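The structure appears below as C-alpha cells.
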C-alpha cells in the first residue's frame, strides 16, 4: 500500500529528526523583525547567512515564505498562518532549556509580595502551607516594586493592581473591597461610634498607599457618599503602608478605611470591628504573576494551588 505522503496534494509530515531547526530559527527571527539584518544581529550571523537559510527552507518545504521587494520584506499568506505556532514552539523550547539550566526543582521558593500583604494576609496563613510542605523553604521578599523576573531570582510574585503584566503568566487570586474599621473600644462608651455622623469627631486614618488605585475610595469620597460633613480641622493620620494604617486602628488611634483582605485576620480575631456595614468594591485585585517557564515547577504549582485554596476560604468567610 502506498504511503499517504506520496498521494497528490498530500502534506508531507516531517519527523523530528527531519526538522531543519537552524533554518526554522532563521525564518522565525526574520519573520518577527521583517528584516534579514535584524534577524542576523539577533542570531549573531550575517544577513547573507540568514537569507541562505531561508532559501534552503523554502526549497525544502516547496513553498515561498517571503515576497522580497526593494523596500520591504513581506510574509506570504502561508508563512503568516504558520508563524504563531512557530513562535509558540520556540517559546516552549526556550522554556524547556531554562528548566534544564536551572537547579533541579529545589526546595527553595522565592516569593515577592507587598509588605502589607505579607504581614496581614500571607504570613498569618503560612504555617498551614508548611504543614503540607515541610520540605519547602519559602523566602519572602517584601517590596512594592514590580519584580523584574529577567534580573531577579524570584519564582512568583503576588501583586495588587489592574492585572496588566505583559510577557508573564498572570492569574487573578482575589478581588478586593474597602470599608471602615476601628478598635472594639471605639464602639462602646459615651463617645461610641454608632453611625457615620460620629466620624466627624474621630481621627481619620489615611492609607496613602492606595492613592494609585483610582477606584479605591478616600475618606473624603466615603464621607461625602455617607452624607457626613467634617470641618477643615478634622484630625487625621497618614501612612504609606496599609499594614501601618491597620495597626493604628487596632491601637485605637482612629478609624481606617481598610481593604477586606488585609483586615480579615484582625477582624476574625477581634482586634478590629466594622462600625458600619457599608463596603465599596474596587477595580484592583491581587494577582499571581510568574514567568511562563516557572509556572510548571512543582514548588511553584503547589504554592499557587495553596494560595487558590486560601483565597477561596478567605472570601467564603462573612466579615
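The values are calculated or read from the model by the stated rules, or taken from the named source; none is laboratory data. On a predicted model such as this, the values are computed, not experimentally measured, just so you know. In this analysis, Cβ positions are derived from the backbone assuming ideal geometry, glycine residues included, and neighbour counts consider all displayed protein chains.
Some observations on this one:
- Answer from 221, 199 - the residue that is in contact (Cβ under 8 Å) with a residue 40 or more places away in the chain and over 22 Å from residue 142 (Cα atoms): 199
- Only a single item in (1) modelled with pLDDT under 95; (2) surrounded by fewer than 17 Cβ atoms within 10 Å (Cβ to Cβ); (3) closer than 28 Å to residue 128 by Cβ is not met by residue 274, and it is number (2).
- Qualifying positions in the stretch 76-109 - in contact with a strand residue (DSSP E or B) (Cβ under 8 Å, 6 or more places away or on another chain), surrounded by fewer than 18 Cβ atoms within 10 Å (Cβ to Cβ) and modelled with pLDDT of 90 or more: 76, 108
- Selection within the stretch 115-146 - closer than 26 Å to residue 239 by Cβ and in a helix (DSSP H, G or I): 115, 116, 117, 118, 119, 120, 121, 122, 123, 124, 125, 126
- Positions within the stretch 295-308 being closer than 20 Å to residue 118 by Cβ and in contact with a helix residue (DSSP H, G or I) (Cβ under 9 Å, 6 or more places away or on another chain), in sequence order: 302, 303, 306, 307
- Any hit, the stretch 214-225, residues being modelled with pLDDT of 90 or more and either part of a strand (DSSP E or B) or farther than 22 Å from residue 287 by Cβ (or both): no
- Every listed requirement among (1) over 18 Å from residue 113 (Cβ atoms); (2) touching a strand residue (DSSP E or B) at 6+ places or on another chain (Cβ under 6 Å) is met by residue 186 save one, (2).
- Checking the stretch 151-165 against the condition returns no match, with no residue being more than 30 Å from residue 241 (Cα to Cα), out of contact with any strand residue (DSSP E or B) (no Cβ under 7 Å at 6 or more places or on another chain) and in contact (Cβ under 8 Å) with a residue 60 or more places away in the chain.
- Filter result for residue 299 (in a loop (DSSP other than H, G, I, E, B), surrounded by 13 or more Cβ atoms within 10 Å (Cβ to Cβ), at pLDDT below 95 and in the same structural domain as residue 126 (by TED's automatic domain parsing)): no
- Residue 259 being in contact with a helix residue (DSSP H, G or I) (Cβ under 9 Å, 6 or more places away or on another chain), outside the structural domain of residue 184 (by TED's automatic domain parsing) and at pLDDT below 95: no
Each row is one residue, and each column tells you yes or no for (1) in contact (Cβ under 8 Å) with a residue 24 or more places away in the chain; (2) out of contact with any strand residue (DSSP E or B) (no Cβ under 6 Å at 6 or more places or on another chain).
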position: 243; (1), (2): yes, yes
position: 249; (1), (2): yes, no
position: 256; (1), (2): yes, no
position: 266; (1), (2): yes, yes
position: 269; (1), (2): no, yes
position: 273; (1), (2): yes, yes
position: 285; (1), (2): yes, no
position: 290; (1), (2): yes, no
position: 294; (1), (2): yes, yes
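Table: residues versus (1) outside any strand (DSSP E or B); (2) surrounded by 15 or more Cβ atoms within 10 Å (Cβ to Cβ).
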site: 149; (1), (2): yes, yes
site: 154; (1), (2): yes, yes
site: 157; (1), (2): no, yes
site: 160; (1), (2): no, yes
site: 163; (1), (2): yes, yes
site: 167; (1), (2): yes, no
site: 185; (1), (2): yes, no
site: 192; (1), (2): yes, no
site: 198; (1), (2): yes, yes
